Each structure stands twice: as C-alpha cells, then as structure tokens.
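What follows is one structure encoded as structure tokens, with my remarks underneath.
The values are calculated or read from the model by the stated rules, or taken from the named source; none is laboratory data. Because the structure is predicted, anything quoted here is derived from the model rather than measured. Don't worry about glycine lacking a Cβ; one is built from the backbone with ideal geometry, like all the others, and counts go over all protein chains shown.
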Amino acid sequence: MGFGLAALSLAPSAQAQEGDAASAPASAAPARPVAVETLRAGEGATPSAQDFVLVNYKGMLKDGTVFDQAEKAALPLPRMIPGFAQGIAQMKVGGSYRMTIPSELGYGAKASGPIPANSDLVFEVELLDYKTPEQYAQMVAEARAAQAEAMAASDAAAEGKSVDVETLSAGEGPKPSAQDYVLVNYKGMLKDGTVFDQAEKSALYLPQMIPGFARGITQMQVGGRYRMTIPPELGYGAQASGPIPANSELVFEVDLLDYRTREQLVAEAAAAQEKAEAEAASAPAADPGN
C-alpha cells in the first residue's frame, strides 16, 4: 500500500517528547558528536534540519536491543531528537547508514519507554527521499485535491456501496476525518485470507489512501481494533495492483493508535523548532580549554 512522503509519523521513538533532551536546558559541557557510518553511499544533496524525510529505520541500544523500527516512515526533522536530525543531515538519498547518537543528543538523563536514562542510541537508516517544508505543503495540497477528485469518482462508481467496519475491540474519543494523518497497525488481505500488505506503527495520510480505506478509518476510535471490508469499487476497482487482482474485495484488520490533523502537526513542529532555537541561543558557550 503505497502512500508516499505525505504520510507523517506521529510517535516514533526518535521523536522528541516534552522533557526529553530536545526540550531540556542545554548543558555547559559540549555534546559529543553524532557518528555516521556509510553502509551504502547515496547521491545528491542532503536534507536540512527543517525538512521532512522518508526513511526505513531500526533503533537500537548499544547492546543491540531493538526499541523501535519502521519502514517508509515520514518524519519531520524539527520534531526529532537533536542527534537524529543531525545525523540525517549527513545522509544522501538512496544511501544506507548507521549512526550512533550520544545520550546528550538523545533522551539525556531521562528514560523514555524502553530506552534507559543516559543511553547512547544506534540507528540503522535508509534515506529514501526528503522534501522541504514548501515542497511538502505543495504535496499535501495536491493530495487533497486528488482525494476530492477520487472521492467524487468513487461516489459515482460505487453508488449504493459502503465499507463494512466490524469492531473487534472498542476505542474511545472522537474519530479521524478523511483529511487527517493516522498512526495504525494494519494487515491487508484478500477475501481468501491471502495477506498482501502489513505494517506496524505505520503513519498514513488519509487523502492518499484508496477511498474505502479512508472511509473505514473515519468510523474508528483511538485504541480500538477493527476489521473492515472494502468493495472493489472503493478499492482498486477493475485494475490489478501488485498482488491484488482486479475487482477484489479487500479486508483490513486495523489498530488505530493515534491521529492528528495537518494543522496540529504543523503547529507542533513549529513550536518544537522555535523552542530548540531559543535553547540553542541561550546555551552557554563551550569552554575552549576543555
């Protein structure tokens, strides 16, 4: 299920949380640098600290314990821990890298989920693509326009058709809209049970999904688990798509983990960047004698 760079990761382990190193007062001691090892060289320009990047990544502790991993994760660098953003800024598209982030550029003296306090972090990263904020905004606008066109076409083709959503475990709170970003675990199957796609902690931009998937998600609540059946008219229709034959009904099992509006994500990224810039400006200068 392709969704391109307009999908936005909502809660990767490399994302800075309130109170973590990215938002903590800077230490007078200079931070150790991020070490980036090239496993396979990329080419072209490198991202800036303001960009959105599309990556495959695996995050580990120094002893090799994996604490997070994802494929095709779209990440806003201003919201990531400082060391992650600094390391990505040394990479090129198409390359594969291993970066080691010192604790002072990660989560510092505070534990974060499975990550103990004062932990150096190791990330294996494949940089697939990146976009500037302006390119990203244009992509979002184009995706919304395309979704409106697709929804209109699907409404005409699928008159009387609907997405069936079965609640396996109830969630709570409001439901996403068809314009939102969602974080989900999902498994996509044909009617005979053949699995054609699955992922965990996958961030998806609903305007870029097939109409039936977006419509089904809007009937779900955070924390719930659901099974939805999408008729072919609201899926890929009479055209085959990879392992999905033409005119196929699709079944998705979905855990809705979280969701955000685009406005929420832009505001959070801007606030995080302003805070980081203010802290950098107020940090004591390193003692040149050390």
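Condition first: in a strand (DSSP E or B) and in contact with a helix residue (DSSP H, G or I) (Cβ under 9 Å, 6 or more places away or on another chain). Now tell me which residues in the stretch 90-111 satisfy that.
Y97, M99, T100, I101
Can you tell me which residue is farthest from the chain's Cα centre (by Cα) among those in the stretch 165-207 that are more than 28 Å from M139 (Cβ to Cβ) and small (G, A, S)?
Ranking the qualifying residues of the stretch 165-207, first place goes to G193.
Checking the structure you have, find out if any residue of the stretch 221-242 is surrounded by fewer than 20 Cβ atoms within 10 Å (Cβ to Cβ) and closer than 30 Å to P133 by Cα.
yes
Residue check, E249 against (1) among the acidic types (D, E); (2) modelled with pLDDT of 90 or more; (3) loosely packed, with under 15 Cβ neighbours inside 10 Å, all met but one. Which one?
Condition not satisfied by E249: (3).
Could you check the stretch 182-203 and list, in sequence order, the residues that are buried (at least 16 other Cβ atoms within 10 Å of the Cβ) and out of contact with any Leu (no Cβ under 8 Å at 6 or more places or on another chain)?
If the condition is that a residue be buried (at least 16 other Cβ atoms within 10 Å of the Cβ) and out of contact with any Leu (no Cβ under 8 Å at 6 or more places or on another chain), then Y186, K187, D197, A199 are the ones that fit.
Within the stretch 226-237, is even one residue polar (S, T, N, Q) and over 18 Å from S162 (Cα atoms)? Walk me through how you get there before you give the answer.
Filtering the stretch 226-237 for residues polar (S, T, N, Q) gives 229.
Narrowing further to those that are over 18 Å from S162 (Cα atoms): none.
No; the residues of the stretch 226-237 include none that is polar (S, T, N, Q) and over 18 Å from S162 (Cα atoms).
Looking only at the stretch 242-254, decide whether some residue is within 30 Å of I81 (Cα to Cα), outside any loop (DSSP other than H, G, I, E, B) and touching a residue at least 24 places away in the same chain (Cβ under 8 Å). Give the steps one after another, and end with the answer.
We begin by selecting, within the stretch 242-254, every residue within 30 Å of I81 (Cα to Cα); these are 254.
Now restrict to residues that are outside any loop (DSSP other than H, G, I, E, B): 254.
Subsequent filtering for residues that are touching a residue at least 24 places away in the same chain (Cβ under 8 Å) retains 254.
Checking the stretch 242-254: at least one residue is within 30 Å of I81 (Cα to Cα), outside any loop (DSSP other than H, G, I, E, B) and touching a residue at least 24 places away in the same chain (Cβ under 8 Å).
In this structure, is L8 touching a strand residue (DSSP E or B) at 6+ places or on another chain (Cβ under 8 Å), modelled with pLDDT under 90 and outside any strand (DSSP E or B)?
yes
Evaluate the following for A267: is it touching a helix residue (DSSP H, G or I) at 6+ places or on another chain (Cβ under 9 Å) and surrounded by fewer than 19 Cβ atoms within 10 Å (Cβ to Cβ)?
no
Quick one: in the stretch 112-132, of everything that is assigned to a loop (DSSP other than H, G, I, E, B) and of a type in the set (S, T, Y), which residue is surrounded by the most Cβ atoms within 10 Å (Cβ to Cβ)?
Among those residues, the one meeting the criterion is S119.
Could you check the stretch 142-240 for strands (runs of 3 or more DSSP E) lying wholly inside it with 1 or more residues that are aliphatic (A, V, I, L, M), under 16 Å from L257 (Cα atoms) and at pLDDT below 95?
181-190, 195-205
Identify the residue in the stretch 48-72 that is aliphatic (A, V, I, L, M) and farther than 15 Å from G87 by Cβ and, among all such residues, is farthest from the chain's Cα centre (by Cα).
Per the stated criteria, the residue is L61.
State which residue is farthest from the chain's Cα centre (by Cα) when the search covers only the stretch 237-268 and only residues that are of a type in the set (A, V, I, L, M, F, W, C) and under 16 Å from A137 (Cβ atoms). Show your work before the answer.
At the first step, the residues of the stretch 237-268 found to be of a type in the set (A, V, I, L, M, F, W, C) are 238, 240, 244, 246, 250-252, 254, 256-257, 265-267.
Next, from what is left, pick out any that are under 16 Å from A137 (Cβ atoms): 265-267.
Values: L265: 11, V266: 14, A267: 16 Å.
So the residue we want is A267.
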